[in-house]
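The values are calculated or read from the model by the stated rules, or taken from the named source; none is laboratory data. All figures in this text were calculated on a predicted structure; none of them were measured in a lab. No Cβ is skipped: glycine too gets one built from the backbone with ideal geometry, and neighbour counts run over all protein chains shown.
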Amino acid sequence: MKTPFNRLLVLLLAPLVAALLFTACGDDNDVTDNGDDELNIVETAQEDGRFTTLVGLVQDAGLQDLLSTDELTVFAPTDAAFEELFEVVNPNDLTQDDIIEILSYHVTEGTIASGDLQPQQDVEMLNEELTLVQSSAAGVVVNGSSNVVVADVEATNGIIHAVDEVLLPKEFRVAVEGPSLVEIAEDAGNFTTLLDLVEQGGLKTTLQFLGPYTAFAPTDDAFDALFAEIDPASLTEEQIGFILTYHVITGSPILSTDLEAEQTVSSANGDPLYITSGQEGVVVNGSANVGPADLEASNGVVHVVDQVLLPNAFLNAVQVAQKNYNFTTLVDLIVQANLVDAVASSEITVFAPTNDAFDALFAEVDPASLTPEQVENILLYHTIIGSTILSTDLAAEQTVESGSTEPLYITADSEGVVVNGNSTVVTADVEATNGVIHAVDTVLLPNAFLNTAEVAQKNYNFTTLVDLLVQANLVDAVANNEITVFAPTNEAFDALFAEVDPNSLTPEQVENILLYHTIIGSTILSTDLAAEQTVESGSAESLYITSGEAGVSVNASSTVTAADVESANGVIHVIDSVLLPNAFLDVTGIVSKNYDLTTLVGLLSDNDLVTTLQGDGPFTVFAPTNAAFEAIEATLATLTTPQVVETLLYHVYDALVLSTDLQPTQTITMLNDQDVTITVSGGTVTIDAAGSSAVVTVADLEGTNGVVHIIDEVLIPSFN
């Protein structure tokens, strides 16, 4: 008994498993019969009464002594089985040699009980031909259609299994049923290598007796070409089986006339076959030509191919892409860009846009307008060099450096994998020898091809920002103007919305906040920055930007975590907190964000006045600059703590006074109960104090509980 099957064979047999549920154990006769221990095989058959035709043929052929003495296993057709055969074969046409040949095809040496059987095995019969015996919970089947209806009828010299169909040796089976896939190949004469491999792999009887199958049969020349590149001795039995089953499609035979222009069909080993049909004929996997086609067999159809079809496990990433008709544009571009070696030789993950994806892009962008450098940059942006990243390796969110060095933003959830916010992985985990391909439905574009809004849209960290831009109808403004954007992350907005209910914000307030994160008309890179600069934002309020060894900060509290994300119309700097315009801040918040008021902020904090100025107010604060404090540094050092507090309170008035509220001259009493006189002359506002005089340099920074006016001198009170 031979058992050369393996797990690859099981893939071919999937349709049969369901069929077995109906072909055996169908009536009360499907039982195990222990027979009579005193009778040999012929005597047992004679006594049974269901094998009269078989016994008569055995006696006529002179096989009675053989079957009575040698230890044998007999698959014994019932009388009903012979009656069915004789409806298509005239028994009078059979010679004695024919009968001996047929009968010997039912007998094998040794005793094989049904309990000894594997799920599938080849069994050599006395005529030296093989049968295919399958065993499952549903019963035992021989050659795909002959059911064992009574198993394990024991005799003194062996065992009988009653079958409901006569087993026909090759010569008679071909005459009655027509040639199987194997005989088609044998008769053609140019499939010697294929047939040898099929037999070595234990697939011969499968392709003879099971099916139906569609088989793509490589010629001897096709195998010669393959083996000129790959040493066949280097291939394991499992690999050979995997290659062979890649040439087979289970199910109803597919004729060339059944084909559409393009179709992807799963092979018996699970890998897809990509088949195209047109005026020039049928092609498989992009390069294997079919011809001749439609060689019909009793259990399927054979299409001759001029190349051996290789599963992905034997191909690099370029070769895997080449065989898929959905990637012809991608492959052409890889060839044009001289990137074949890079994609074929490096460990790589490729996000492969389909032809439809490129068609959609080229409807918007003329491919002829792209330089070779731009094409190369786009292609490399679809790769991750040095890593094989399967969909099962992905976290919910990850940012990965692409082959162009720009980041890819990849998300994964129960609904699938998305790259850069809008490109869906339609087929994941197409593995190659050097990596993996994920088919995507949109071409991934580097930032140089995208406006600022599009650059933000592809980053999963900016979904809140992008949603707000859409709601505020600011997408066009951000997309079309030269612009610098300080972009808060989702976490930054989450922190804000933990303090401020977003539903409490009016559309105008949302717009004001968003515009406050922009600088319209300029592209300001981090390398363009001085140590300190004040820049007008898109909301017309000032942004206070510092740059140093510790990085870039905006408004003292927001750190740039990723700088210089350039786009076609500007640049994005990622920040870790939302920048709030003055209308959302109290007077302490207004002075705190200005790098020119840090001395004042420090003194207010050191002297416990911050909480006071965070009260309901309203307050008018005259805020001296750092330079103003430096000018009185010597004097300040001589003041006691109460005197410092009195000096600070001498800069605060407990009412709201805007510059537009001022008369030419007015006197007001400050929180320290001392007066200052404010005069307006020629557009200049001057504050005259007890011991000094100051000019307002920036007026009307209005907040939630008052207003701040920046002044160029410290107001010195009178100390009693």
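Within region 680-720, which residues are over 13 Å from His651 (Cα atoms), of a type in the set (A, V, I, L, M, F, W, C) and not assigned by TED's automatic domain parsing to the domain that holds Ala623?
Scanning region 680-720 gives a single hit, Phe719.
Being farther than 19 Å from Gly202 by Cα and of a type in the set (Asp, Glu) is the filter here; which residues of region 220-251 pass it?
Listed by number, the residues that qualify are Asp220, Asp221, Asp224, Glu229, Asp231.
Scan region 687-711 for residues that are assigned to a strand (DSSP E or B), without any contact (Cβ under 8 Å) to a residue 40 or more places away in the chain and not hydrophobic (A, V, I, L, M, F, W, C) and report the count.
So the answer is 2.
Looking for something within 23 Å of Val621 (Cβ to Cβ) and surrounded by fewer than 21 Cβ atoms within 10 Å (Cβ to Cβ) - is there at least one such residue anywhere in region 518-526? Talk me through it step by step, then tell me what you get.
Taking region 518-526 first, the residues within 23 Å of Val621 (Cβ to Cβ) are none.
No, the conditions are met nowhere in region 518-526.
Return the pair list, or none, for Cβ contacts closer than 7 Å from residues in region 323-351 that are farther than 14 Å from Asn312 by Cβ and touching a residue at least 24 places away in the same chain (Cβ under 8 Å) to residues that are surrounded by fewer than 17 Cβ atoms within 10 Å (Cβ to Cβ) and acidic (Asp, Glu), at least 6 apart or on different chains.
Going by the 7 Å Cβ cut-off, the qualifying pairs are Tyr325/Glu262.
Among the residues of region 359-391, how many are within 24 Å of the chain's Cα centre (by Cα) and either outside any helix (DSSP H, G or I) or of a type in the set (A, V, I, L, M) (or both)?
Residues in region 359-391 being within 24 Å of the chain's Cα centre (by Cα) and either outside any helix (DSSP H, G or I) or of a type in the set (A, V, I, L, M) (or both): 16 in total.
Answer yes or no as to whether Asp586 is under 30 Å from Gly615 (Cα atoms) and either among the polar types (S, T, N, Q) or touching a Pro at 6+ places or on another chain (Cβ under 9 Å) (or both). Outline the logic, then answer.
On the way: under 30 Å from Gly615 (Cα atoms): yes; either among the polar types (S, T, N, Q) or touching a Pro at 6+ places or on another chain (Cβ under 9 Å) (or both): no.
Taking the combined requirement at face value, the residue does not satisfy it.
Out of Ala456, Ala448, Ala487, Ala479, report the one residue that is more than 19 Å from the chain's Cα centre (by Cα), surrounded by 22 or more Cβ atoms within 10 Å (Cβ to Cβ), small (Gly, Ala, Ser) and in a helix (DSSP H, G or I).
Numbers: Ala448 fails: surrounded by 22 or more Cβ atoms within 10 Å (Cβ to Cβ); Ala487 fails: in a helix (DSSP H, G or I); Ala479 fails: surrounded by 22 or more Cβ atoms within 10 Å (Cβ to Cβ).
Step by step, each of Ala456, Ala448, Ala487, Ala479 is checked, and only Ala456 is more than 19 Å from the chain's Cα centre (by Cα), surrounded by 22 or more Cβ atoms within 10 Å (Cβ to Cβ), small (Gly, Ala, Ser) and in a helix (DSSP H, G or I).
Taking only region 37-59 into account, find how many residues are within 15 Å of Pro91 (Cβ to Cβ) and either within 60 Å of the chain's Cα centre (by Cα) or not hydroxyl-bearing (Ser, Thr, Tyr) (or both).
Going through region 37-59, the residues within 15 Å of Pro91 (Cβ to Cβ) turn out to be 52-59.
Subset that is either within 60 Å of the chain's Cα centre (by Cα) or not hydroxyl-bearing (Ser, Thr, Tyr) (or both): 54-59.
So the count comes out to 6.
Which members of region 150-165 meet the condition of being within 15 Å of Ala81 (Cα to Cα), surrounded by fewer than 24 Cβ atoms within 10 Å (Cβ to Cβ) and among the aliphatic types (A, V, I, L, M)?
The one that is within 15 Å of Ala81 (Cα to Cα), surrounded by fewer than 24 Cβ atoms within 10 Å (Cβ to Cβ) and among the aliphatic types (A, V, I, L, M): Val150.
Identify all residues within region 414-435 that are over 25 Å from Ala313 (Cα atoms) and assigned to a strand (DSSP E or B); write none if there are none. Full working, then the answer.
First pass over region 414-435, keeping only residues over 25 Å from Ala313 (Cα atoms): 414-415, 418-423.
Passing the criteria: Val418, Val419, Ser423.
Taking the condition of being of a type outside the set (A, V, I, L, M, F, W, C) and touching a helix residue (DSSP H, G or I) at 6+ places or on another chain (Cβ under 8 Å), how many residues in region 184-211 meet it?
Just the residues of region 184-211 that are of a type outside the set (A, V, I, L, M, F, W, C), to begin with: 186-187, 189-190, 192-193, 196, 199-202, 204-206, 208, 211.
Imposing the further condition that a residue be touching a helix residue (DSSP H, G or I) at 6+ places or on another chain (Cβ under 8 Å) reduces the set to 186, 190, 192-193, 200-202, 204, 206, 208, 211.
Residues meeting the conditions: 11.
Would you confirm whether any residue within region 312-327 is touching a strand residue (DSSP E or B) at 6+ places or on another chain (Cβ under 6 Å), farther than 26 Å from Asn459 by Cα and β-branched (Val, Ile, Thr)?
Checked region 312-327: at least one residue is touching a strand residue (DSSP E or B) at 6+ places or on another chain (Cβ under 6 Å), farther than 26 Å from Asn459 by Cα and β-branched (Val, Ile, Thr).
Report yes if some residue within region 214-237 is surrounded by 17 or more Cβ atoms within 10 Å (Cβ to Cβ), touching an Asp or Glu at 6+ places or on another chain (Cβ under 8 Å) and more than 23 Å from Glu186 (Cα to Cα); otherwise report no.
no
Show me the strands (runs of 3 or more DSSP E) found entirely inside region 215-279 where at least 1 residues are without any contact (Cβ under 8 Å) to a residue 12 or more places away in the chain and aliphatic (A, V, I, L, M).
On the way: elements: 248-250, 262-266, 272-278.
Answer list for region 215-279: none.
Quick one: in region 407-424, which of the residues that are touching a helix residue (DSSP H, G or I) at 6+ places or on another chain (Cβ under 7 Å) and of a type in the set (Ser, Thr, Tyr) is nearest to Ile378 (Cα to Cα)?
Ranking the qualifying residues of region 407-424, first place goes to Tyr409.
If we scan region 104-124, do we find a residue that is over 57 Å from the mean Cα position of the chain (by Cα) and buried (at least 20 other Cβ atoms within 10 Å of the Cβ)?
Pass one, region 104-124, residues over 57 Å from the mean Cα position of the chain (by Cα): none.
Checked against the condition, which is being over 57 Å from the mean Cα position of the chain (by Cα) and buried (at least 20 other Cβ atoms within 10 Å of the Cβ), region 104-124 yields no hits at all.
For region 545-565: of the residues being surrounded by fewer than 17 Cβ atoms within 10 Å (Cβ to Cβ) and not small (Gly, Ala, Ser), which is nearest to Asp528 (Cα to Cα)?
The residue in question is Asp564.
Has region 491-510 got any residue that is surrounded by fewer than 18 Cβ atoms within 10 Å (Cβ to Cβ), closer than 24 Å to Glu566 by Cβ and either charged (D, E, K, R) or more than 35 Å from the chain's Cα centre (by Cα) (or both)?
There is at least one residue in region 491-510 that is surrounded by fewer than 18 Cβ atoms within 10 Å (Cβ to Cβ), closer than 24 Å to Glu566 by Cβ and either charged (D, E, K, R) or more than 35 Å from the chain's Cα centre (by Cα) (or both).
Look at region 370-426 and say how many of its residues are of a type in the set (Phe, Trp, Tyr) and touching a strand residue (DSSP E or B) at 6+ places or on another chain (Cβ under 6 Å). Give the derivation first.
Within region 370-426, the subset of a type in the set (Phe, Trp, Tyr) is 381, 409.
Checking the rest, the ones that are also touching a strand residue (DSSP E or B) at 6+ places or on another chain (Cβ under 6 Å) come to 409.
Total satisfying the criteria: 1.
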